[in-house]
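Reading through the structure tokens given below for one structure.
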Amino acid sequence: MVVNERDDIGSDLVPDYMTSVKDGAFYGWPYSYFGQHIDVRAQPPRPDLVEKAIVPEYALGPHTASLGSPSTPPTCSVRE
């Protein structure tokens, strides 16, 4: 999955990312970004959820507009 992350935190934040989707995982929205980095704009705060937020697998950099990136369907396998 490719995610365009939030804006208005700074020119170098927040990185868009690519990650696998894990059943029951919490990726932070809207309380934290890229793991447990708290977004103070989310009110009321939810430290219980931030504590559970996982770090995505690959940072793509901020503002990369990566939503159109191709992916491999889960039923396909990549051969070396």
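The values are calculated or read from the model by the stated rules, or taken from the named source; none is laboratory data. Because the structure is a prediction, the values reported are computed rather than measured. Cβ atoms come from the backbone with ideal geometry, glycine included; neighbour counts cover every protein chain shown.
Considering only residues that are part of a strand (DSSP E or B) and either closer than 11 Å to Ser66 by Cα or small (Gly, Ala, Ser) (or both), which ones fall in segment 1-18?
Val2, Val3, Gly10, Pro15, Asp16, Tyr17, Met18
Which condition number in (1) modelled with pLDDT under 95; (2) under 13 Å from the mean Cα position of the chain (by Cα) is the one that Gly24 fails?
Going through the list (1) modelled with pLDDT under 95; (2) under 13 Å from the mean Cα position of the chain (by Cα), Gly24 breaks only (2).
Tally up the residues in segment 49-64 that are at pLDDT 90 or above and not basic (Lys, Arg), please.
Going through segment 49-64 one residue at a time, the tally reaches 8.
Give me the residue from segment 42-52 that is without any contact (Cβ under 8 Å) to a residue 12 or more places away in the chain and in a loop (DSSP other than H, G, I, E, B) and, out of that set, surrounded by the most Cβ atoms within 10 Å (Cβ to Cβ).
Gln43
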